[in-house]
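The values are calculated or read from the model by the stated rules, or taken from the named source; none is laboratory data. Remember, predicted model here, so these are calculated numbers, not experimental data. Reconstructed Cβ throughout: ideal geometry from the backbone, glycine too, with neighbour counts over all protein chains shown.
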């Protein structure tokens, strides 16, 4: 499971389409936790009192929907990254 | 049969079932049937060790008290699991390649195998975990007392007894299955399997209660949501700082808690399991927390005022007459508590025995650990004692704190304490510049602030911290008040402690790291950790650790010297076909290395050293380094001695040679003196004799007079010639001769020599054959000296050629860079044993033919050397053959 994209010794500028796609999947996997964090810190900007307060049920539904979305996203990404192990390295251009 | 007795029976049956599961799993693992024992599903379920009884019961209680805050405890770990690609994958790879056995081991290993850091983290872990174990015991006794209240109540005495029996049972289970395998890797198939089963039980239990509450009590999902909105939850009210802070705290704790680290990293069998766990464990957390709010709302609704919301999961089904469901729920809580205690005890005992007991034991033992067998046994014993110790410490804490609110809040306090390890851990994984001093400073700062602002106050004001300090600050300084450091008050106590401890921890860690310099081992480990994906290409084999080889390399360099060690490793790497410069630590390589080391430090020591590094046992690499250093010093010292003695013997040899030369010279000088006196004496004797005759004889015929006078004259002339020759030789030999360089043909020089040699020719006529056409070679040299050489050679031929018709052939050959002139006569030549001698001074072939002083050829050789050529005797088929060689370069230059 070597992370070829991170390796400084392999400076290939252009990649095969499939390789390029895989790299972007890796990027997505890196960004996913940030997305989750942002979505779950949104309740911080909800008004705490007065007009427009969010009802508990809505809050609950929001948090669990985000949760379900994150689980699906991570599941999809980990499925896509599963192939990463067996894939051959870039063919020499 | 009362409910309590039934409960005890169910409990016992359940525990027996767990023993069976663990036993069977261990059996299967021993038979090598690991395939489904170590599946991604089991791995994911074992991660649920994070959810303890505190979260099982406490989540509902927390929801009833603080609303949605309980969710943060699950959101943090979810985010960590989602970060698997860049965070957990690296952590697990490090754990596998470096053979990490605990979080203390990880920190110590990263920072140059520091035993001080390891001990520090261990102490922190013990302090943070003991109350947590007490909390589990409390939750079980509480749930017991709930059932007991229905029948005949549970006295305080009985509560303590339940806790005691529980702790003993857990300690037994952990000792049985936690220290079963004797091999070094800290993996426990039986325990993991039992935990996975318990994970299913607690999830099923909570989901059952939740489903019952939503669809059985509230009457459907929509009604349940309406009920939530109508309850005192009502609207979204959450302390913002706590929401963000607790997400961070739970994420940090998920990484740093000894028990989660144990299952996440140490027990991991295959990195690919993480891929499944990355989404499956968040799903587990999501399901566990899904029905918490509905249960809390219903509990608040139907339970009498003042009842403990922490036990709603149990009391709500009981109140509604669902005894079976309550029993399931009880088992869920029981599972949560027991699995936590078991894994925490294993993790802590590993740390305590490896980083505290063993170092002390090894220190106390006089002989040091040279036999690996007894160390193994000692480790095992230490681990067993540690397990019992840790569990009993938890029990003791439970008895002393006597339950209550103080204990309930200890969960987050413990989280905050263990989170102090996070900066050193993440810094070590991603920043090569992090140093041991930095990690130590950060941990110390964070730990101290946590202790002062959170842990000690958690026992209640006035218990450990005096009231005066809380009210007036440490030493009466207001800015040191434990709940308002630096004068910033009004914050939530937990958030206050978290903020300051983490802030100062990170500042100290980074700051000290920036200004200190790491040891070589630290730098090696830093590179290993940060660039783990470059160092470990083969993640699946447990035995293949480059780290090991690097350690061996460091050690070998100290003993063999850098160059030699590198060459050795490179050679083996090439032989193995490895890509880098480091070979894999195969038995072949280890044997070869041991042999190499053995030649320097002795076989037994080499074996112990290699064994200790590859065995990865209790002796630290640092110790080995010390040994290696000493050995290197000794080697260096002996190398210096050897060098000195070599120099001495070299000098002695030189002196001996010089002495021999001097002796030889002295002998030569003696020989020369006797020779020269002899040579001078012979003519002098005849001169004296004949002059005496002339003086003393009165009557002498003029004929006789003239004959005697001519003899005297001849002898005087011979004497003069001898002296001239001697003078000439000494001049030529000393290089004082001035060469009179001029142009001329070789023919002229030979003509002059032939005519000069003919003077005084009285015996047999010497025939000289020449090919004058080949002699037209223009030379730029000292022609007089050259002629002198030729004269000498021709005269010798005349003197010594013993043929009846003596003939001398002078042959000239022009080659590319030299002129060769051969003088060959038709005599019998020079005897082979005399050939070596003829160019020496006073050397004469035979005494009978003594005509000169024997200096002629010696002078010839000296002259030719001065002219840049040579004269040699060439053994020919017949006759004497002298060869004169002149460099042609001189001739060319003249043209």
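Report, by residue number, each residue of the range B:411-422 that is under 30 Å from the mean Cα position of the chain (by Cα) and crowded, with 24+ Cβ neighbours inside 10 Å.
Residues satisfying the conditions are B:420, B:421.
Pick from B:307, B:289: which is in a loop (DSSP other than H, G, I, E, B) and assigned by TED's automatic domain parsing to the domain that holds residue B:347?
B:307
If we scan the range B:75-98, do we find a residue that is on the phi > 0 side of the Ramachandran plot and away from every other protein chain (no Cβ under 14 Å)?
For the range B:75-98, residues on the phi > 0 side of the Ramachandran plot and away from every other protein chain (no Cβ under 14 Å): absent.
Within the group B:690, B:672, which residue is in contact (Cβ under 8 Å) with a residue 60 or more places away in the chain and surrounded by 11 or more Cβ atoms within 10 Å (Cβ to Cβ)?
Criteria check complete, one pass: B:672.
Determine whether the range B:34-57 contains at least one residue that is out of contact with any helix residue (DSSP H, G or I) (no Cβ under 9 Å at 6 or more places or on another chain) and part of a loop (DSSP other than H, G, I, E, B).
Yes, the conditions are met somewhere in the range B:34-57.
Quick test for you: out of B:135, B:170, B:117, B:124, pick the one residue that is assigned to a helix (DSSP H, G or I), farther than 30 Å from residue B:440 by Cα, out of contact with any strand residue (DSSP E or B) (no Cβ under 8 Å at 6 or more places or on another chain) and modelled with pLDDT of 80 or more.
It is B:170.
Within the range A:1-50, can you find the residues that are away from every other protein chain (no Cβ under 11 Å), at pLDDT 65 or above and either more than 19 Å from residue B:85 (Cβ to Cβ) or touching a strand residue (DSSP E or B) at 6+ places or on another chain (Cβ under 7 Å) (or both)?
Those that are away from every other protein chain (no Cβ under 11 Å), at pLDDT 65 or above and either more than 19 Å from residue B:85 (Cβ to Cβ) or touching a strand residue (DSSP E or B) at 6+ places or on another chain (Cβ under 7 Å) (or both): A:16, A:17.
I'd like the full set of residues that are away from chain A (no Cβ under 11 Å), in a helix (DSSP H, G or I), in contact with a helix residue (DSSP H, G or I) (Cβ under 8 Å, 6 or more places away or on another chain) and at pLDDT below 85, limited to the range B:216-257.
B:217, B:218
From B:71, B:87, B:75, grab the single residue that is more than 25 Å from residue B:292 (Cα to Cα) and either surrounded by fewer than 24 Cβ atoms within 10 Å (Cβ to Cβ) or in contact (Cβ under 8 Å) with a residue 40 or more places away in the chain (or both).
One residue alone meets the criteria, B:87.
For the range B:428-444, which residues satisfy the criterion of being at pLDDT 90 or above and either within 22 Å of residue B:163 (Cα to Cα) or crowded, with 24+ Cβ neighbours inside 10 Å (or both)?
Correct list: B:438, B:439, B:442.
Kindly indicate whether any position in the range B:25-43 is crowded, with 19+ Cβ neighbours inside 10 Å, more than 14 Å from every other protein chain (Cβ to nearest Cβ) and at pLDDT 85 or above.
Yes - at least one qualifying residue is present in the range B:25-43.
Considering the range B:263-279 alone, what residues qualify as being more than 8 Å from every other protein chain (Cβ to nearest Cβ) and in contact with a helix residue (DSSP H, G or I) (Cβ under 6 Å, 6 or more places away or on another chain)?
Those that are more than 8 Å from every other protein chain (Cβ to nearest Cβ) and in contact with a helix residue (DSSP H, G or I) (Cβ under 6 Å, 6 or more places away or on another chain): B:263, B:265, B:267, B:268, B:273, B:274, B:277.
Answer yes or no as to whether residue B:60 is more than 14 Å from every other protein chain (Cβ to nearest Cβ), assigned to a helix (DSSP H, G or I) and surrounded by fewer than 24 Cβ atoms within 10 Å (Cβ to Cβ).
no
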